[in-house]
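A.B. asks: Dropping the structure in here first, questions after.
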Number of protein chains: 2
Amino acid sequence: MIRRIDSFSNDTVKRIRSLRDKKARRAEGRFLAEGLRIIAEARDSGLLPDALVYAPPLHPLAREIVHQALDHGTDVIETTPDILAKMSGKDNPQMVLAVYPAPATDLARLNRSAAPLWIVAQALRDPGNIGTILRTGDAVAAGGLILIDDHADPFSVEAVRASMGAIFTQTIATARWDEFVAWLRAGPGQLVGTSLRTDTDYLDATYDQPCFLLVGNESQGLPPEYEAECDLTVKMPMLGRADSLNAAAATAVMAFHIRAAWRHRG
Amino acid sequence: MIRRIDSFSNDTVKRIRSLRDKKARRAEGRFLAEGLRIIAEARDSGLLPDALVYAPPLHPLAREIVHQALDHGTDVIETTPDILAKMSGKDNPQMVLAVYPAPATDLARLNRSAAPLWIVAQALRDPGNIGTILRTGDAVAAGGLILIDDHADPFSVEAVRASMGAIFTQTIATARWDEFVAWLRAGPGQLVGTSLRTDTDYLDATYDQPCFLLVGNESQGLPPEYEAECDLTVKMPMLGRADSLNAAAATAVMAFHIRAAWRHRG
């Protein structure tokens, strides 16, 4: 049954709104996704939310998902645009938002043979970059994203939005560097980093499977000891004045190139 | 001479702060850049600001730029972290910010033979994407960025920050689509768009010089009539569930691939 909520002080409104904060997400083990496109992407991946909130009128696709969610046992709530705006913290909120259980993120869950390419990102600070990298991971059919050291929350509203639904299709793991290295070296895998301190052009290198593409922090790049652990470091030529790319842009260039190299090798 | 300002209500403080708004930027013909790295990038490109504001202590590189700015006739202002925070609208402001004259953005300024690759972006909404694309443009030594139709302001603080200084090295032009097409067809140039409605893989296409890489809006992609105008449309294979990449990530993949194709062709 659909519940109708018309009060700003309703406990459910407050609880959902609280998921904008990392602490509440961690305590509840849930996260917030806004917008029909992302919620439809979750549904297409077989995931229905714990709670779904909308303000009428309902888009036909949203109506379809509401019915599926009701069958699934989702807490479906109809409310006003103003209350939705309060929950989403935006003046022009999406007309639908949903709460999902956050998956576990331990390394042990990863099956490295499930995909030829994995993305590993070190100390990313920008949730938008994390979401964009997840979206790129989906596009290249990466197995998932491994987040190393302290990083922005991949389940933040901003990261979820930038992922355009890839938060539901990409496996996410988090680990300290030494944990990751121990896990990596317990099985097959080529660790590939980009560096300014190598002469190997990224176009001339050979990429093995499974390939773990290691991306550095936005402002510092990879620490030297992380580079030293790589099986292969490659250089992306920088033809301009600056010596760097946006972390998510660099990841996309490398991931598409590695895929392309495999296709051309046959 | 360095001026010292200790009052929040100082007119210069208010004027600089107003540059966070697009209207004021347009009225003044100036824009704001925050952070030493970007201001140093401008200096390295031969540009010193009209005004420069800092809170002590000064980083040695900032001190060097302050001296050059004083010689140049820049209005150099020393102030407190609190007042700097007010100007920049952030709790943890960069310790230096600067005001630059906004360059003219008419198409007629572009010299298409100055570079083999140009980026053309249609109706981009996200200033972060514009800045990231400028940064990518710098990395591939593009001639500049042509912004088509209604778009976010490339001189917004957010775009300038994401450009990491490329706002000073990339030429920027703005134009309506019909103006752009008229200009493009008055000289040599291959217009290349990415599309889901073509069978040509981006890896198999031939890219001519000068190449104008056309990027579509974040949520809609390219309108069909824009695609129809392209001399070449190519498909980037999407191996996952979603059928799209972030606009700035897609631009980076295409721009690096075009450069790579030219290198391999010799």
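Only the coordinates and a few stated rules stand behind these numbers; no lab work does. None of the values given here were measured: they were computed from a predicted structure. Heads up, the Cβs are rebuilt from the backbone with ideal geometry, glycines too, and the neighbour counts pull from every protein chain shown.
A.B. asks: Would you calculate the separation in nanometres between label points at B:Asp44 and B:Ala85, each defined as 7 Å from the Cα along the Cα-to-beta-carbon direction?
C.D. replies: Modelled inter-label distance: 3.1 nm.
A.B. asks: Treating the angle as unsigned and between 0 and 90°, give the value, to the nearest 10°, between the Cα long axis of helix A:60-72 and the longest Cα principal axis of chain A.
C.D. replies: Tilt relative to chain A: about 80 degrees.
A.B. asks: Quick check: Cα centre of segment B:49-124 to Cα centre of segment B:195-210, how many Å?
C.D. replies: 38
A.B. asks: Helix A:247-265 versus the longest principal axis of chain A: what angle, 0 to 90°, nearest 10, using Cα atoms?
C.D. replies: So the inclination is approximately 60 degrees.
A.B. asks: For A:Leu191, list long-range residues whose amide hydrogen, built 1.01 Å from N in the peptide plane, is under 5 Å from its own amide hydrogen.
C.D. replies: Under 5 Å from the amide H of A:Leu191: A:Phe212, A:Asp231, A:Leu232.
A.B. asks: Label-to-label distances across copies for B:Ala85, with labels 7 Å out along Cα→Cβ, in nm, shortest first?
C.D. replies: From this label point to the equivalent ones elsewhere in the assembly: 2.9 nm.
A.B. asks: Sticking with this one: Which far-off residues, 5 or more places away or on another chain, put their amide H under 5 Å from the one on A:Phe31, with H placed in the peptide plane?
C.D. replies: Under 5 Å from the amide H of A:Phe31 lie the amide H atoms of A:Tyr100, A:Ala102, each far enough along the sequence or on another chain.
A.B. asks: Could you tell me the convex hull volume per residue, in Å³, taken over the Cα atoms of segment A:131-266? Before the final figure, lay out each step's value.
C.D. replies: On the way: hull volume 16.1 nm³, N = 136.
Normalising the Cα hull of segment A:131-266 by residue number yields 119 Å³.
A.B. asks: Ok, one more. Which ³J(HN,Hα) values in Hz, rounded to whole numbers, follow from the phi angles of segment B:158-170 under the Karplus curve 6.51 cos²θ - 1.76 cosθ + 1.60, where θ = phi - 60° and Gly and Pro get x?
C.D. replies: 5, 5, 4, 5, 5, 6, 6, x, 5, 4, 8, 9, 9
A.B. asks: Tally Lys/Arg at +1 and Asp/Glu at -1 over every other residue whose Cβ is under 14 Å from the Cβ of A:His72; what's the total? Spell out each step's value before the answer.
C.D. replies: Values: positive: A:Arg43; negative: A:Asp50, A:Glu64, A:Asp71, A:Asp75.
Local charge sum for A:His72: -3.
A.B. asks: Express the Stokes-Einstein translational diffusion coefficient of chain B in µm² s⁻¹, to the nearest whole number, given a Kirkwood radius over alpha-carbon pairs, 20 °C and a viscosity of 1.002 mPa s.
C.D. replies: Numbers: Rh = 19.7 Å.
So the translational diffusion coefficient is about 109 µm²/s.
A.B. asks: Sort A:Ser18, B:Ser156, A:Ser163 by Cβ crowding within 10 Å, fewest neighbours at the top. Kindly include the intermediate steps, with their values, before the conclusion.
C.D. replies: Values: A:Ser18 15, B:Ser156 21, A:Ser163 32.
Exposure proxy ranking, most exposed first: A:Ser18, B:Ser156, A:Ser163.
A.B. asks: Taking chain B as a Gaussian network, where each spring joins two C-alpha atoms under 10 Å apart, which residue of B:Leu36, B:Leu239, B:Leu70 fluctuates the most?
C.D. replies: B:Leu239
A.B. asks: How far is helix A:127-139 tilted off the main Cα axis of chain A, in degrees rounded to 10, range 0 to 90?
C.D. replies: Roughly 80 degrees, rounded to the nearest 10.
A.B. asks: Lys and Arg at +1, Asp and Glu at -1: add these up for the other residues within a Cβ distance under 15 Å of B:Ser219 and post the number. Provide the component values of the computation, followed by the final result.
C.D. replies: Working: positive: A:Arg37, A:Arg135, A:Arg161, B:Arg125; negative: A:Glu34, A:Glu41, B:Asp126, B:Asp149, B:Asp150, B:Glu218, B:Asp243.
Net charge in that neighbourhood comes out at -3.
A.B. asks: Let me ask you something else. About the Cα centre of segment B:3-101, how large is the charge dipole given +1 on each Lys and Arg Cβ and -1 on each Asp and Glu Cβ? Please answer in debye to the nearest 20. Walk me through the numbers before you get to the answer.
C.D. replies: On the way: 16 positive and 14 negative charges, 92 e Å.
Result for segment B:3-101 is approximately 440 debye, rounded to the nearest 20.
A.B. asks: Would you work out if the protein assembly as shown is rounded, prolate or oblate? Take a ≥ b ≥ c from the square roots of the eigenvalues of the alpha-carbon gyration tensor; rounded if a/c is under 1.5, else prolate when a/b is larger than b/c, oblate otherwise.
C.D. replies: Working: a/c = 1.40, a/b = 1.16, b/c = 1.21.
Rounded is the answer for the protein assembly as shown, as its axis ratio a/c remains below 1.5.
A.B. asks: What is the sum of charges, Lys and Arg at +1 and Asp and Glu at -1, for the other residues whose Cβ falls under 13 Å from the Cβ of A:Asp243?
C.D. replies: Details: positive: A:Arg197, A:Lys235, A:Arg241, B:Arg37, B:Arg135; negative: B:Glu41, B:Asp44, B:Asp138.
That sum, taken over residues with Cβ under 13 Å, equals +2.
A.B. asks: Shifting gears a bit: Roughly what % of DSSP beta bridges within chain B run antiparallel, to the nearest 5?
C.D. replies: Details: 10 of 38 bridges.
So the antiparallel bridges amount to about 25 percent of the total.
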